[in-house]
Amino acid sequence: METLGLNQKRNLPSHQKCKARIHIDGSADCLVDNPVECRYAILAGDRFYCKHPERDKIIINTKNLQNPI
C-alpha cells in the first residue's frame, strides 16, 4: 500500500464508486476498491471507515445496488 506524504492531497472517488455499509458498532465501513486515495476514508487497523459528510446517502445507494427493487 502506498503511503501519502503530508502535503499530498487525497482525492474523492467519483460518486458512482463510493460504497459504504453500516458496521455493527454503528460506524460506516468504506467499500471502495482503493480507499487510500479518498480523503474521507480513515484507516484503523485493517478497516477503512467512511467519514464522508454524505455517508448516509452513500450507504442507502449501496444497499439499493445490492437489493434492486
Check your understanding: Name the pairs whose Cβ atoms lie under 8 Å apart, with the first residue in the stretch 22-51 and more than 18 Å from Thr62 (Cβ to Cβ), the second at pLDDT 90 or above and assigned to a loop (DSSP other than H, G, I, E, B), and 6 or more positions between them or separate chains?
Key -> none
Check your understanding: Listed residues Leu65, Leu6; which is part of a helix (DSSP H, G or I) and either at pLDDT 90 or above or more than 9 Å from the chain's Cα centre (by Cα) (or both)?
Key -> Leu65
Check your understanding: Tally time: how many residues in the stretch 42-60 are buried (at least 16 other Cβ atoms within 10 Å of the Cβ) and part of a helix (DSSP H, G or I)?
Key -> 3
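Kindly provide the set of residues from the stretch 18-31 that are closer than 18 Å to Leu43 by Cβ and either among the polar types (S, T, N, Q) or assigned to a loop (DSSP other than H, G, I, E, B) (or both), ordered by number. Quick ask: steps written out before the conclusion?
So in the stretch 18-31, the residues closer than 18 Å to Leu43 by Cβ come out as 18-21, 23, 25, 27-31.
Result: Cys18, Lys19, His23, Asp25, Ser27, Leu31.
The values are calculated or read from the model by the stated rules, or taken from the named source; none is laboratory data. Keep in mind the model is a prediction, meaning the values are calculated, not measured. Note: ideal-geometry Cβ built from the backbone for every residue, glycine included; neighbour counts use all protein chains shown.
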